Every structure is written in structure tokens, then in C-alpha cells.
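The block underneath contains the structure these notes are about, expressed in C-alpha cells.
Where a number appears in this text, it was derived from the coordinates with a stated rule and is not lab data. This is a predicted model, so every value here is computed, not measured. No Cβ is skipped: glycine too gets one built from the backbone with ideal geometry, and neighbour counts run over all protein chains shown.
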Amino acid sequence: MSRRARTALAVIVLAGLAALAVWAVSGLLPFGTPSGPANRLVRTLDHKRQVANAVNGITYDMRGVDTLGEELILFVAALGSAVLLRHRRDDVEEEERAAGPPIADALRVAGTVLVAPLIVLGAYVVGTGHLGPGGGFQGGVILASGLLLAYAAGQVVALERVEPTALVEVAEATGAMAYALVAVGGLVFAGAALENFLPFGTSGQLLSSGTIVVLSVGVGLEVTGAVALILTEFLDQTLLGQGK
Amino acid sequence: MTVLQVVALLGVAAGGTATVLVRDPVRQALVSGGFGLQLAILFFVFQAPDVAMSEIVVATVAVPLMVLLALAKLARDEDPSE
């Protein structure tokens with residue numbers, strides 16, 4: 001296909017897409033309608049589940065089964081990349097692993113200083129998803145990026161000494177298992193899988209919203225482990241055989 | 001619609017176009033990270049902070065890093081002199 005034909009096709013498709021988007025958006029309620037269905041949903045969740053953040057009320061309660069599926073997708077993706085990439089790693093001698101490129105002093109200092117605040121931020125975002133913006137997924141990726149920052153700061157030697165691979169694998173498995181166990185718990189204690197069977201507490205308190213906060217922390221562990229595992233395997237691949 | 005929302009929308013339009021127009025894959029990975037940040041601002045301005053946070057962590061941490069690591073590996077495999 002010639003360049004002109006491709007441009008014409010792109011313009012036609014994009015114009016059609018824009019028309020559809022405008023059509024869809026024009027049917028919505030005006031922005032910030034105080035009495036719309038979203039507002040009713042927020043208040044229902046706040047009253048019935050004592051969860052201040054309705055988004056996580058939907059993610060971990062009303063649509064908890066969807067989240068279970070999404071969590072397992074990430075679990076399997078991390079597992080698959082680890083299995084595939086580790087198989088290749090065995091072929092290369094350990095001595096051929098290089099230390100990576102030299103690291104600038106500024107990056108070293110900034111990285112080292114930022115690792116601890118980043119981990120605190122990640123734990124905060126995981127732990128307060130039921131109170132405000134955040135939750136297991138977002139906080140989990142922040143926690144995993146702490147590991148990457150340690151690598152970027154040149155602490156790769158320290159990372160290898162503590163062997164985080166075993167740790168991230170355990171975190172991933174524990175998070176996935178916690179979610180499944182809470183789902184079974186709903187079946188046992190409340191008659192339906194993922195039914196919210198814990199005491200709800202008071203909305204706005206750290207310990208509130210029943211199983212929502214538990215599931216959020218479980219997903220946080222799982223995502224931390226999965227993202228850290230995928231990125232560690234990718235890093236290993238990049239460093240493998242660099243000294244050849 | 002407020003001025004802030006219009007500015008955020010225009011920023012996303014410019015960022016998306018820039019991501020497409022950059023041809024070098026390494027630069028494209030970084031520009032797409034900046035585009036993700038613009039999207040996060042858009043979500044935040046439209047009062048969806050949860051989505052904004054997800055967008056930040058995915059677009060500025062996970063995706064560029066995976067792309068860059070894959071590109072580094074590919075570049076070395078193609079050039080055995082290194």
C-alpha cells in the first residue's frame with residue numbers, strides 16, 4: 001500500500017473513530033452531575049460496605065471476580081516469562097554475567113536516597129486503597145519499582161546477595177493465594193464466593209470495608225512480586241553474556 | 001468544561017501525535033512515557049485519581065522499562081562486536 005493510500009485510510013478511520021467518540025460522549029450526563037447514578041453508587045458502597053473509595057469498592061467487592069481473573073492473568077504472565085527466560089539462562093556460564101554499564105554518581109546518589117521513600121509510598125498506597133485513591137495494583141508497581149531503583153543506583157551486588165528472586169516469588173504466590181482464600185472464605189462464611197464476610201467497621205478508618213482492604217493488600221503483594229519478577233528476568237537477560 | 005481540562009486534552013493530543021512521529025524506538029519508549037504522564041494529568045483533571053495512578057505506574061515504570069530492556073538485548077544480539 002502506497003504512502004498516500006495509507007494516509008487516506010488513516011484519516012478516514014480516525015474521522016470515523018472521532019465521530020463515534022463524540023456520539024458516545026454527547027449521550028453522557030453533564031460533567032459533575034450531583035444526583036447521577038455514579039453518585040448513588042458511591043453512597044451505596046459507602047453505607048453498605050463502609051468503603052470511602054468507591055472505585056476500590058467496585059474493584060474488590062462488586063466486581064471481585066473480575067479482579068481475581070485479572071490478578072491470575074498477571075500471575076500466569078510473570079510465571080510464563082520466568083519459565084521461558086530462565087531456561088535460556090542455564091545455557092550461559094555464571095562468569096559471563098557482567099556488572100552492567102558504569103553508573104553516574106548523580107544517579108547513584110539520587111537512587112539510593114529515593115529507595116526508602118519509594119517503598120514507604122508504595123506501602124501507603126497499598127494499605128489505604130479503601131480510603132482514597134490507590135490500592136493494590138498501583139502500590140504494588142510502586143513497590144516493585146523500588147527494586148528497580150536499587151538496581152539503577154548500582155546496588156545490584158547487594159540485590160544479588162539477598163537473592164530477591166526467591167522473595168518476590170514467595171510474595172507473588174502469597175498474594176495470589178490470599179485472594180483465592182478470601183474468595184473461599186466468602187463461600188464458607190457467607191454462602192457465596194468473594195462475599196464480604198468480615199466486619200465492615202466505620203468508613204474512613206484504616207480497618208474498615210471488610211474484605212476489600214484484605215484483598216487490596218493481597219493484590220499489592222501479588223503485583224509487587226509479579227512485576228519485580230518480570231523485570232528481574234528481563235534485567236538478567238540484558239546483563240547475560242554482556243562480557244562476551 | 002474548564003480551561004484546565006481543555007489544556008489537558010490538548011496536551012494529550014500533542015503527546016500522542018509526538019509518540020507516533022518519533023521513529024527511533026529508544027526515544028519513542030521515553031516519549032511514550034511522557035505521553036502516559038500527560039494521560040495521567042488528563043485523568044486527574046477529570047477527577048479519576050485512581051485511573052491516573054494506574055496510568056502513571058504502567059506508562060512511566062512498567063512499559064518503557066520493558067521496551068528499553070528488550071531493545072538493549074536486541075541491539076547487543078545484532079552487534080556481536082560489543
Once every DSSP H run of n ≥ 4 in chain B is given -39500 (n - 2.57) and the sum is divided by its residues, what mean residue ellipticity at 222 nm do you get, rounded to the nearest 500 deg cm²/dmol? -26500 deg cm²/dmol
Per DSSP, loop chymotrypsin sites (Phe, Trp or Tyr not before Pro) in segment B:1-76 with at most 14 further Cβ within 10 Å: none
Scan segment A:10-86 for trypsin sites (Lys or Arg not before Pro) in coil per DSSP, keeping those whose Cβ has at most 15 other Cβ atoms within 10 Å, and list them by number. A:R63
Whole angstrom only: what separates the Cα centroid of segment A:1-56 from the Cα centroid of segment B:1-78? 19 Å
Which three semi-axes in whole Å describe the equivalent ellipsoid of segment A:160-239, each the square root of 5 times a Cα gyration tensor eigenvalue, listed largest first? 32, 14, 9
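So what's the back-of-envelope 222 nm ellipticity for chain A, counting only DSSP H runs of four-plus at -39500 (n - 2.57) apiece and dividing by all residues, rounded to 500?
Estimated from H runs of four or more residues: -23500 deg cm²/dmol.
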Loop-only check: which trypsin sites (Lys or Arg not before Pro) in chain B are DSSP coil with at most 11 other Cβ within 10 angstrom? B:R23
Average Cα contact separation per residue, chain B, under 8 Å, 6 or more apart, as relative contact order %: 28 percent
Running Debye on segment B:3-78 with equal point scatterers at the Cα sites and no solvent, what base-10 log of I(q)/I(0) appears at q = 0.18 Å⁻¹? -0.71
Would you mind calculating the relative contact order of segment A:41-239 from Cα pairs under 8 angstrom and at least 6 residues apart, reporting the percent as a whole number? 32 percent
Check: the protein assembly as shown dipole with +1 on Lys, Arg Cβ and -1 on Asp, Glu Cβ, in debye: 1280 debye
I'd like to verify something in chain A: which complete DSSP H helices, judged by Cα projection on the helix axis, reach 30 Å or more and average at least 1.6 on the Kyte-Doolittle scale? A:105-127
In vacuum, with every alpha carbon of the protein assembly as shown counted as one equal point scatterer, what does the Debye formula give for log10 I(q)/I(0) at q = 0.09, 0.12 Å⁻¹? Two decimals, please. -0.59, -1.00
Count charges around A:A173 for me, please; just the other residues with Cβ under 15 Å from its Cβ, Lys/Arg as +1, Asp/Glu as -1. -4
